[in-house]
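Note sheet for the following structure.
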């Protein structure tokens, strides 16, 4: 592994940036971490609040097994140590969006320990080589509610829908050295979470938010003092935060100042960060084990169940697409980027292999090329995503089978796909209805060739291409090009 | 005809079932006593006579139809005002929750209603269950029905925090009541008023819907006139509750049916560390009486050692306030209860004003102590150390129970004191719990039964501590004492 060459050019020379990320990922589950209230995004304010979430007197938290399971599955997906004994702690502070006056979190004994993920090489993004980024821990904790400042001239309102929703806090090691690495880390983490199904990764809805820790140093020096920029909610903003914050820190240091350990906020409007509170103002959270909850003890059967439930993960899947299916690295990467795409592709592949009576590896390239070059393009034109594609994987497989058997040509297939997207009809029905079947009957083609030769009056080899074109045109594109070629060769030869 | 309010749980239940009297007659009799004593004793924060009649009417109707009436069928009880009751103000005796009417019912109270009990009212207590004399209630202190025999008229403490419960039972305002015990809050008031109360094993009774003081210690239990009534009521209160993560997932034994005062083959441990220098002579004598009675019941007496006893009270006064400081953070003026929002003020001002006005002095003291012991730089020295002590105390008991089956000790170091005696000195007040706190820290079942009167004519209690989950052993030893103590004293009615 080589170190990043990303440097900030300062007046006193080159500076290196050191980045660690804390990603808060909302756990995909129907109910909250410690209550039965729903977690759906976009509900009316305070419509999803239980007595526990509102911290009514005498209410008690009960851990939601599904949230715990998702955290463990996530840990397994990053090859992390799963702690069979973990514990919940209270983080005490007062705020209007925190009904209990404390957040239930895990400080001392997190459920997931040391793990890692690999960010892939991507020359264009400034990542010449793959790099392993360490992950220190994952713990589960409650989200807070939301303050609404625009509802009343002098008061703020509180929406507790999010209060108590389960979050995973995924804490990286300070292993990243450039905005590109940080961006790739967040993207990769998001990809893994979506594969595992433990977080939907919707950054614009706040399901994934990053606290960005940044410091700078002269290459080879000890770590500098870091700042933490809170709640950054897109990959682009994470990168912008680092660029701005690193440059700011270099400026401060080069003009003789000191970096103060502080919490900062990113302003997406200006692309800059500003101070929120310094370490001196930091809360004393008075963490202590939550006496309402017993330690969380996981048994082997539970861990095994979590392990068994894990899908094939993106790195493994991509490697398999290349080695077993013989796909190009580019195609393999495209097809595995989003879990939905891979799922769609695998359905298509299975149906295609069955329809053509071949092994998946023998039709993989055909299926991959069609999906990437044809369907993506066509959907793109319609402004649709794969998830709401009017063409299902089995409908696609039928189309591919018609091509594979030579029933229709590639160019006709394009037309058929357009009709399929328009009407939702099957490829077979469209081909039948519109008479688009490829003509391989030598007699029929020869008759057309003769007709053309007569019409144009003989011909020469130089005009061969012209005659092919004329024949295909006369056959409305349905002539099997090979047969047309052969017949013309004899006729003109 | 006997005065119905002289009857206990079993007698009332059985009398109603047999048709000797109706549940409504019983409820009316107790309602009348509640109303008549309210001004003098201040045992209730809110009386709910209609609720009592409503429940009694339902029981009488069930009886007519021949339907089962339940373990507590027709028994009207008092509910400590720490248990949330649907539609009935629940205050924890604090200004903070004055006027707070829950839309939910605590698991324990619901189980009691399901067992056929009715509610006479919400009983007074020390504010947020913090206190040993009931003097910290925002709604005025409860006055014990007992008086010293010195001819003086000093108002005495009913004990705390379940002082409304203890006073009401002793004064025949209810045959039984719920209590909660964090560091002696069932046992000490029971001892002060000559009644019986048991704190079961931590986790036996659900904490769901009980206003929290110190979550790892809080435990509900019954208070009644005798051991049998406690056993019956505890059966109705206990049971696994999936809404409380610390609830014990164990079947509830039939404690009442299992009562057996023959202690042959049982060993009773006498902890030497509890025999402290300067121990009250009457308390020491009642302890000796207890030893004699249990010997008479067939038990073998063994000397045991609980070496870390002297660290229990300091550890308790770190752990309980630490948890309380966090548990009481929810009273912030935002969602319910008191809100003090001075003109033009912001969020922080609202917190400060609300909490300054809503909490009493003792509650504030404990929040401050708790905040301090959890703060950065002090956490290890106090909280972590206290947890270690707690583990050692639990180990003390575990080792002791290899040599004995139950432990006998005084419940409190003295009989009831006069109101105001200890209010200037919190440490002196805290010492009231010195014998009660170790069992709380270890989560063990412990009960207080009346042992006799001291030279001032005031009741003294004896405490029996048992192994975890062995409420039966505790109740049986309690019954053996009860059978021999012959405690029939009751306060002369002056109210």
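General remarks:
- Restricted to region B:368-379, and to residues there that are part of a helix (DSSP H, G or I) and within 11 Å of another protein chain (Cβ to nearest Cβ), the residue that is nearest to the chain's Cα centre (by Cα) is B:370.
- When B:141, B:134, B:153 are checked against the criterion of being part of a loop (DSSP other than H, G, I, E, B) and without any contact (Cβ under 8 Å) to a residue 12 or more places away in the chain, B:153 stands alone in meeting it.
- Note on region B:6-21: residues that are surrounded by fewer than 19 Cβ atoms within 10 Å (Cβ to Cβ) and either touching a helix residue (DSSP H, G or I) at 6+ places or on another chain (Cβ under 6 Å) or farther than 21 Å from residue B:230 by Cβ (or both) amount to 4.
- Residues in region B:71-86 include at least one that is under 20 Å from the mean Cα position of the chain (by Cα) and free of Cβ contacts under 8 Å to residues at least 60 places away in the same chain.
- Number of positions in region A:111-148 that are in contact with a helix residue (DSSP H, G or I) (Cβ under 9 Å, 6 or more places away or on another chain), in a loop (DSSP other than H, G, I, E, B) and surrounded by 16 or more Cβ atoms within 10 Å (Cβ to Cβ): 3
- Of residues in region B:285-317 being closer than 24 Å to residue B:440 by Cα and surrounded by fewer than 14 Cβ atoms within 10 Å (Cβ to Cβ), the one nearest to the chain's Cα centre (by Cα): B:310
- Test: residue A:151 is over 23 Å from the mean Cα position of the chain (by Cα), assigned by TED's automatic domain parsing to the domain that holds residue A:37 and crowded, with 18+ Cβ neighbours inside 10 Å: no
- Scanning region A:33-44 for residues that are assigned to a loop (DSSP other than H, G, I, E, B), more than 16 Å from residue A:206 (Cα to Cα) and more than 12 Å from chain B (Cβ to nearest Cβ) yields A:33, A:37, A:44.
- Test: residue A:97 is assigned to a loop (DSSP other than H, G, I, E, B) and within 14 Å of another protein chain (Cβ to nearest Cβ): yes
- Matching residues, region A:402-442, being assigned to a helix (DSSP H, G or I), touching a helix residue (DSSP H, G or I) at 6+ places or on another chain (Cβ under 7 Å) and over 15 Å from residue A:369 (Cβ atoms): A:402, A:416, A:418, A:419, A:420, A:421, A:427, A:428, A:430, A:431, A:442
- Residues that are within 18 Å of the chain's Cα centre (by Cα), assigned to a helix (DSSP H, G or I) and within 25 Å of residue B:140 (Cα to Cα), drawn from region B:390-446: B:429, B:430, B:431, B:432, B:433
Listed here are the residues, each with its yes/no results for (1) under 14 Å from the mean Cα position of the chain (by Cα); (2) in a loop (DSSP other than H, G, I, E, B); (3) crowded, with 19+ Cβ neighbours inside 10 Å; (4) away from chain A (no Cβ under 11 Å).
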| residue | (1), (2), (3), (4) |
| --- | --- |
| B:221 | yes, no, yes, yes |
| B:235 | no, no, yes, yes |
| B:242 | no, yes, no, no |
| B:258 | no, yes, no, yes |
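- Checked against (1) free of Cβ contacts under 8 Å to residues at least 60 places away in the same chain; (2) in a helix (DSSP H, G or I), residue B:34 meets all criteria but (1).
- Any hit, region A:49-70, residues being in contact (Cβ under 8 Å) with a residue 40 or more places away in the chain, part of a strand (DSSP E or B) and farther than 25 Å from residue A:147 by Cα: no
- All conditions but one from (1) crowded, with 24+ Cβ neighbours inside 10 Å; (2) under 23 Å from residue B:487 (Cα atoms); (3) in contact with a strand residue (DSSP E or B) (Cβ under 7 Å, 6 or more places away or on another chain) apply to residue B:167; the one that does not is (3).
- Hits in region A:20-32 (condition: farther than 19 Å from residue A:202 by Cβ and crowded, with 24+ Cβ neighbours inside 10 Å): none
- The number of residues in region A:71-94 that are facing chain B (nearest Cβ under 10 Å), assigned to a loop (DSSP other than H, G, I, E, B) and either out of contact with any helix residue (DSSP H, G or I) (no Cβ under 9 Å at 6 or more places or on another chain) or crowded, with 21+ Cβ neighbours inside 10 Å (or both) comes to 1.
- Only one entry in B:206, B:185 is assigned to a loop (DSSP other than H, G, I, E, B), in contact with a strand residue (DSSP E or B) (Cβ under 7 Å, 6 or more places away or on another chain) and surrounded by 24 or more Cβ atoms within 10 Å (Cβ to Cβ), namely B:185.
- Check on residue B:212, over 24 Å from residue B:302 (Cα atoms) and buried (at least 24 other Cβ atoms within 10 Å of the Cβ): yes
- Single unsatisfied condition, residue A:326 versus (1) at pLDDT 90 or above; (2) assigned by TED's automatic domain parsing to the domain that holds residue A:78: (2)
- Residue tally, condition touching a residue at least 12 places away in the same chain (Cβ under 8 Å), farther than 24 Å from residue A:90 by Cα and more than 10 Å from every other protein chain (Cβ to nearest Cβ), over region B:319-357: 5
- Subset of region A:45-66 (residues that are within 14 Å of chain B (Cβ to nearest Cβ) and under 29 Å from residue A:171 (Cα atoms)): A:49, A:52, A:53, A:54, A:55, A:60, A:61, A:62, A:63, A:64, A:65
- Hey, residue B:253 modelled with pLDDT of 95 or more, surrounded by 20 or more Cβ atoms within 10 Å (Cβ to Cβ) and away from chain A (no Cβ under 14 Å) or not: no
The values are calculated or read from the model by the stated rules, or taken from the named source; none is laboratory data. Just so it is clear, the model here is predicted, and its values are computed rather than measured. We place every Cβ from the backbone using ideal geometry, glycine too, and count neighbours over all the protein chains shown.
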